[in-house]
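Okay, structure first, notes after.
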Amino acid sequence: ANKTINDKDGRFAMSKVTSEQNSAWSALISKCYQDQAIWFLNGFWSDLSGDAEKVWGWVIQFSELDQGAHSSGKYLDEFWSHKFLETLGETMTVVAMREVLRKIDVDNDRRMSLIEYLIYRFSKTVQQVLNASQGDNQKEIEEAQTKVAAAQNAVDEMVALLQKAKEAADDARAKEQVAKEAAAAAKKAADEADAVAAPFRAAVAENEAALAELRQQEEAYQNRKQELEKMSQTGGVVQRNKAANELEQLKAEDPLPLRKAKISQQASLRKMEKAAAPFNECQGQRSR
């Protein structure tokens, strides 16, 4: 088992990866930053759903700091790990920083994967992370997250372009009348884009809530199935038969709450994709 010691800043530092954990650990840290984040969030969603946006921000920071592999990278070396901690406002001496990195580095390779930082940040053990359940609907959840990310990227690009248009408009106001008219047009376009973005933001929030409900119902389904499997093998004959019968019914068809959660999530995803259509269309026109 992984032993822990109290860290001076209130977190607890994990023991190192054991020889029994090496194989599973190697498979986990071979994933890219995004997949490491998905594994961690899926495994601890009930505790960390409120920190999901923060975790995705760290995925972006790791990708930007990884000078070679970027978003397909798996870890940062000691220098860039130091830089990452500095971006979080954790400024300290080189000696102190190395001590923190030593605690984060659970496999002693003098590098920091995103999963190692998340273990340290949220006080999890290596074994807890390796055992983190990913659920039977993992593929559906990952596809939904991919579509959310793609739609959000389209919005981010539009916002960046609109910001540049506004800045150009501000410079033009001091010049001739033609530039003033261009500035007015740019402001109008920005206002219209903000109005179009409002339904998308609402659709994203609705989809995130639907995903959370889907995870909750899937977890309840798995827990009940495990409970019935145990009951069908213990106790009296009547209890075993009753549990076995209910288990067969459960396997034959998802419970109503789980079916509703799946339908709601799929509907919210379609709604979000529809709301993102104006941005995707604009992005396609710019690429031609």
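The values are calculated or read from the model by the stated rules, or taken from the named source; none is laboratory data. As the structure is a prediction and not an experimental result, all values here were calculated from the model. Note that we place each Cβ from the backbone using ideal geometry, even for glycine, and neighbour counts take in every protein chain shown. Calculation scope for accessible area: heavy atoms of the full protein, side chains included, ligands and nucleic acids excluded. Shrake-Rupley method; radii C 1.70, N 1.55, O 1.52, S 1.80 Å.
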Q: Restricting attention to region 245-263, report how many residues are assigned to a helix (DSSP H, G or I) and open to solvent by 40 Å² or more (accessible area, probe 1.4 Å).
A: 12
Q: May I ask you to list the residues in region 182-195 that are open to solvent by 60 Å² or more (accessible area, probe 1.4 Å) and within 37 Å of the chain's Cα centre (by Cα)?
A: K187, K188, D191, E192, D194, A195
Q) Hey, among A151, A179, A132, which residue is surrounded by 14 or more Cβ atoms within 10 Å (Cβ to Cβ), within 23 Å of the chain's Cα centre (by Cα), at pLDDT below 75 and hydrophobic (A, V, I, L, M, F, W, C)? A) A151
Q) Just to be sure, is R110 modelled with pLDDT of 90 or more and at positive phi? A) yes
Q. Within region 154-171, how many residues turn out to be exposed (fewer than 13 other Cβ atoms within 10 Å of the Cβ) and aliphatic (A, V, I, L, M)?
A. 1
Q: Return the residue satisfying two criteria in turn: it lies in region 100-116 and is in a helix (DSSP H, G or I) and out of contact with any helix residue (DSSP H, G or I) (no Cβ under 6 Å at 6 or more places or on another chain), and of such residues it is most open to solvent (accessible area, probe 1.4 Å).
A: R102
Q.
Within region 46-99, take every residue that is loosely packed, with under 11 Cβ neighbours inside 10 Å and in a loop (DSSP other than H, G, I, E, B) and give me the one that is modelled with the highest pLDDT.
A. G68
Q) So which of A198, A210, A202 is at pLDDT 80 or above, within 29 Å of the chain's Cα centre (by Cα) and under 30 Å from K262 (Cα atoms)? A) A202
